[in-house]
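*Asks:* The following block contains the structure, expressed as structure tokens.
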């Protein structure tokens, strides 16, 4: 069926490609494989029969013989390159030595980077344990998830169990391969209906990008540990069949799905530790398009993802916030034709820096038991399990196991502050148990899990409330000009002006503006180069009760004209009249702090001109806050680096001139500030 020979190269799927790129250690949070490791313990195993079953499994599923090529392609080999069942014989070792050897084997195997470029994506090994440790065997399974997703893991283990237990009974033939499935899917995606849906979903996500939050900002270890140690450590809790039924009943009672109830609990705990209350979670989706009767029996990667936004800044009870999250997920999942990987690429393009979603929540509920009864009959009791992935910091997972639910966190231990993961996971489990036990927990805000000492530190840090300013941005300057008129204020390339001199010239400009018909509240454009005259113009406009609009005289004329037209400006200050020609100084308008102080134009994300209005209250509140944090008083000096059309210029001007400090400007050539030693 379809196209080329089975062993011809074909493209990696979207998530496969992300896994492949994530192996590159130069990438952020990368240098690791998408890897799943687990162990089984069994009283005895027939090694020869197991080896034969594994070889039959590799022959059945081409993706267990796949090679990942350098150019981002994959190729299914005619024959697998599995070397056979490697065995570790510890039966003659002492208990102490055998325990150390078992720990060393686990450490080596659980974080392997299989050689996917050599066709190594699946491996099974065997350890014979000594009688002093109970005897029997331990099986070690390694799977690179670039070849098989979570559902495929269940498929291949079930198939392997049948091949081992019923070696004379062949499995039903597969008349579809993963490569053929990808061909079918590629054709299906080209259908007009699917093209339309993809375009609509892409547009839906692009419209959300500006408001989409980033990843949780969790307490980390020192920066060198973020990449130095990639070891993933698992924390887990198994909820038995009875507890699972209680969780399911509580979720139904509150009109939530069980995965969304647990996701909300996870998000609530993250929100208590994250510096940002709003953040995204990376949710894998398992999408096998039923394009053929044998799709469900295939091994391969069928995963996609969706970025789910948690709005922790919006208050509410646990129930209210969980229901909001579920509603958001349903909207997001309905537009999942444009995947989370693609959304991150677009966000990176928009924001100009790499965007990540390293906190993952994986729900495998609905995929069936992780290890079915037949698998456990064949290979014994499941034991140690761990998974890892590139560009993943923390992966919370919920899985069906032994009629209950296995809840686990796989995290890069060394990346987090000491003891932080234990505290977070403990709070997570406590919250789930509380949701089972008490209806009150559903109806109230989730209580803080932070230790009392840490809560006290946060409360002190967040105790920032102070009275709002009751005067305008320029008021303090004119008051100081009366109190210390001889104090130096502005230092230009060729002149120095005192507070009194600047005040007089600004008040003369007020009288001039009044004669020109400028009304309080009106917008006056200032198109002066950086220097004392520019500051006098700003003070004069404000003292008149008007607001200023900075124009960068170095910008193209068409842009300046567009700004003036959009703002409806009638008056532009291109230069200050000679002081002798100005009328006598006018009184300074005290004004209302809530009125407009200035407007700054930005191109915005769309390239369309947008004017941002800033009130006296907003600007002065910022200036006052910074002056309280850095109380230099009349010793403050600022260097006029920022253009007047840039927000930081407001600090350069009013921070010193509000406390008796000084403002300096350097000589410029062609209007460009000097660089070199001044940056």
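*Asks:* Restricting the range 110-132 to residues that are within 35 Å of the chain's Cα centre (by Cα) and surrounded by 18 or more Cβ atoms within 10 Å (Cβ to Cβ), which is modelled with the lowest pLDDT?
*Replies:* Looking only at the range 110-132, we keep the residues that are within 35 Å of the chain's Cα centre (by Cα), and these are 110-123.
The next check asks that each one be surrounded by 18 or more Cβ atoms within 10 Å (Cβ to Cβ); those that pass are 110, 114, 116, 119-123.
Numbers: 110: 91, 114: 94, 116: 95, 119: 94, 120: 96, 121: 96, 122: 97, 123: 97.
Going through the qualifying residues, I end up with 110.
*Asks:* Can you name the strands (runs of 3 or more DSSP E) wholly within the range 576-679 that have at least 3 residues being more than 30 Å from residue 207 (Cβ to Cβ) and at pLDDT 90 or above?
*Replies:* On the way: elements: 596-602, 610-615, 637-639, 662-664.
Filter on the range 576-679 gives 596-602, 637-639, 662-664.
*Asks:* Please go through the range 144-158 and give me each residue that is closer than 22 Å to residue 294 by Cα and either buried (at least 21 other Cβ atoms within 10 Å of the Cβ) or in contact with a strand residue (DSSP E or B) (Cβ under 8 Å, 6 or more places away or on another chain) (or both), ordered by number. Show your work before the answer.
*Replies:* As a first pass, look at the range 144-158 and keep what is closer than 22 Å to residue 294 by Cα: 145-158.
Selection gives 145, 146, 147, 148, 149, 150, 151, 152, 153, 154, 156, 157.
*Asks:* Can I ask one more? For the range 316-346, how many residues meet the condition of being closer than 18 Å to residue 251 by Cβ and not in a loop (DSSP other than H, G, I, E, B)? So that I can check it myself, show each step before the final result.
*Replies:* Just the residues of the range 316-346 that are closer than 18 Å to residue 251 by Cβ, to begin with: 316-330, 333.
Keeping just the survivors that are not in a loop (DSSP other than H, G, I, E, B) gives 318-330, 333.
Of the residues in the range 316-346, 14 are closer than 18 Å to residue 251 by Cβ and not in a loop (DSSP other than H, G, I, E, B).
*Asks:* Quick check on the range 556-575: of everything there that is touching a residue at least 24 places away in the same chain (Cβ under 8 Å) and part of a loop (DSSP other than H, G, I, E, B), which residue is surrounded by the most Cβ atoms within 10 Å (Cβ to Cβ)?
*Replies:* Result: 569.
*Asks:* Given the options 385, 405, 429, name the one that is surrounded by 22 or more Cβ atoms within 10 Å (Cβ to Cβ) and assigned by TED's automatic domain parsing to the domain that holds residue 42.
*Replies:* Numbers: 385 fails: surrounded by 22 or more Cβ atoms within 10 Å (Cβ to Cβ); 429 fails: surrounded by 22 or more Cβ atoms within 10 Å (Cβ to Cβ).
The unique qualifying residue is 405.
*Asks:* Answer yes or no as to whether residue 528 is in the same structural domain as residue 575 (by TED's automatic domain parsing), touching a strand residue (DSSP E or B) at 6+ places or on another chain (Cβ under 7 Å) and part of a loop (DSSP other than H, G, I, E, B).
*Replies:* On the way: in the same structural domain as residue 575 (by TED's automatic domain parsing): yes; touching a strand residue (DSSP E or B) at 6+ places or on another chain (Cβ under 7 Å): yes; part of a loop (DSSP other than H, G, I, E, B): yes.
So residue 528 fits the description; yes.
*Asks:* Any idea which residue in the range 388-402 is nearest to residue 139 (Cα to Cα), counting only those that are crowded, with 18+ Cβ neighbours inside 10 Å and more than 23 Å from the chain's Cα centre (by Cα)?
*Replies:* Taking the range 388-402 and keeping what is crowded, with 18+ Cβ neighbours inside 10 Å, we get 388-401.
Keeping just the survivors that are more than 23 Å from the chain's Cα centre (by Cα) gives 399-401.
Details: 399: 21, 400: 21, 401: 18 Å.
Only one residue tops the list, namely 401.
*Asks:* Quick one: count up the residues across the range 368-390 that are at negative phi, at pLDDT 90 or above, in a loop (DSSP other than H, G, I, E, B) and in contact with a strand residue (DSSP E or B) (Cβ under 7 Å, 6 or more places away or on another chain).
*Replies:* Of the residues in that region, 3 qualify.
*Asks:* Please report, ordered by residue number, the strands (runs of 3 or more DSSP E) entirely within the range 12-83 with at least 3 residues that are crowded, with 21+ Cβ neighbours inside 10 Å and in the same structural domain as residue 180 (by TED's automatic domain parsing). Quick ask: steps written out before the conclusion?
*Replies:* Numbers: elements: 35-42, 66-68, 73-76.
Because the criterion is at least 3 residues that are crowded, with 21+ Cβ neighbours inside 10 Å and in the same structural domain as residue 180 (by TED's automatic domain parsing), the strands (runs of 3 or more DSSP E) in the range 12-83 that meet it are 35-42.
*Asks:* Would you mind stating whether residue 497 is surrounded by fewer than 21 Cβ atoms within 10 Å (Cβ to Cβ) and part of a strand (DSSP E or B)?
*Replies:* Details: surrounded by fewer than 21 Cβ atoms within 10 Å (Cβ to Cβ): yes; part of a strand (DSSP E or B): yes.
So residue 497 passes the test.
*Asks:* Checking residue 101 against (1) in contact (Cβ under 8 Å) with a residue 40 or more places away in the chain; (2) part of a helix (DSSP H, G or I); (3) farther than 28 Å from residue 24 by Cβ, which single condition isn't satisfied?
*Replies:* Going through the list (1) in contact (Cβ under 8 Å) with a residue 40 or more places away in the chain; (2) part of a helix (DSSP H, G or I); (3) farther than 28 Å from residue 24 by Cβ, residue 101 breaks only (1).
*Asks:* Could I ask something else about it? Can you name the number of the only condition in (1) touching a helix residue (DSSP H, G or I) at 6+ places or on another chain (Cβ under 7 Å); (2) surrounded by fewer than 20 Cβ atoms within 10 Å (Cβ to Cβ); (3) outside the structural domain of residue 626 (by TED's automatic domain parsing); (4) part of a loop (DSSP other than H, G, I, E, B) that residue 485 fails?
*Replies:* Residue 485 satisfies all of (1) touching a helix residue (DSSP H, G or I) at 6+ places or on another chain (Cβ under 7 Å); (2) surrounded by fewer than 20 Cβ atoms within 10 Å (Cβ to Cβ); (3) outside the structural domain of residue 626 (by TED's automatic domain parsing); (4) part of a loop (DSSP other than H, G, I, E, B) except (3).
*Asks:* Taking the residues in the range 531-550 that are surrounded by 23 or more Cβ atoms within 10 Å (Cβ to Cβ) and assigned to a loop (DSSP other than H, G, I, E, B) as candidates, determine which candidate is nearest to the chain's Cα centre (by Cα).
*Replies:* 546
*Asks:* Same structure again: From the list 473, 480, 421, which residue is modelled with pLDDT of 90 or more and either part of a strand (DSSP E or B) or within 35 Å of the chain's Cα centre (by Cα) (or both)? Walk me through it before giving the result.
*Replies:* Working: 473 fails: either part of a strand (DSSP E or B) or within 35 Å of the chain's Cα centre (by Cα) (or both); 480 fails: either part of a strand (DSSP E or B) or within 35 Å of the chain's Cα centre (by Cα) (or both).
It is 421.
*Asks:* From the set of residues in the range 458-469 that are surrounded by 10 or more Cβ atoms within 10 Å (Cβ to Cβ) and at pLDDT 80 or above, which is nearest to residue 658 (Cα to Cα)?
*Replies:* Step one: list which residues in the range 458-469 are surrounded by 10 or more Cβ atoms within 10 Å (Cβ to Cβ), which gives 458, 466, 468-469.
When the remaining residues are screened for being at pLDDT 80 or above, the result is 466, 468-469.
Working: 466: 18, 468: 16, 469: 13 Å.
For the range 458-469, the residue satisfying everything is 469.
The values are calculated or read from the model by the stated rules, or taken from the named source; none is laboratory data. Keep in mind it's a predicted model, so treat the numbers as computed, not measured. Note that each Cβ is placed from the backbone with ideal geometry, even for glycine, and that neighbours are counted across all protein chains shown.
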